[in-house]
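Single-structure report; data block below.
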Amino acid sequence: MAASSPHDIAPSSVATPDPASARTDRRVLGGILALVLATVLIGTLAPAPHRPAAVAPAADLTCAEWGDGCRVCQRRDEGAACSLPGIACVAGETRCLRRTGG
């Protein structure tokens, strides 16, 4: 008796996918895609909360740039301009990083 090879499977013995299982798979895939799309849209369209500057610019007029380790702010003619903090940033003590000459 000859040994059979794994490639010697008759075409009639190959399982056909169950239509009910295929529908369920499509529903699960559609649900996952909808959840990912909703998450991306909410993250993109939701307004970010406005946060005040790390230090009130009027507190020290000689400080041109200040920060807390997460955010850096600069004094500009039109007001304070601050960077955005990193996603996992832990703020430290706010301190002046650069002073003006006068």
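The values are calculated or read from the model by the stated rules, or taken from the named source; none is laboratory data. Quick caveat: nothing in here was measured; it's all calculated off a predicted structure. Glycine gets a Cβ as well: all are built from the backbone with ideal geometry, and neighbour counts include every protein chain shown. Just the protein is used for accessible areas: all its heavy atoms, side chains included, with ligands, DNA and RNA removed. Shrake-Rupley method; radii C 1.70, N 1.55, O 1.52, S 1.80 Å.
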| note | Cβ-Cβ cut-off under 14 Å around Pro17, Lys and Arg +1, Asp and Glu -1: the net charge is 0
| remark: With all protein chains in place and a 1.4 Å probe, Leu29 shows an accessible area in Å² (nearest 10) of 100 Å²
| task | Obtain the nm distance between the two label points defined at Ala80 and Thr62 by a simple spin-label model: each point lies 7 Å from its Cα along the Cα-to-C-beta direction. | result | 1.9 nm
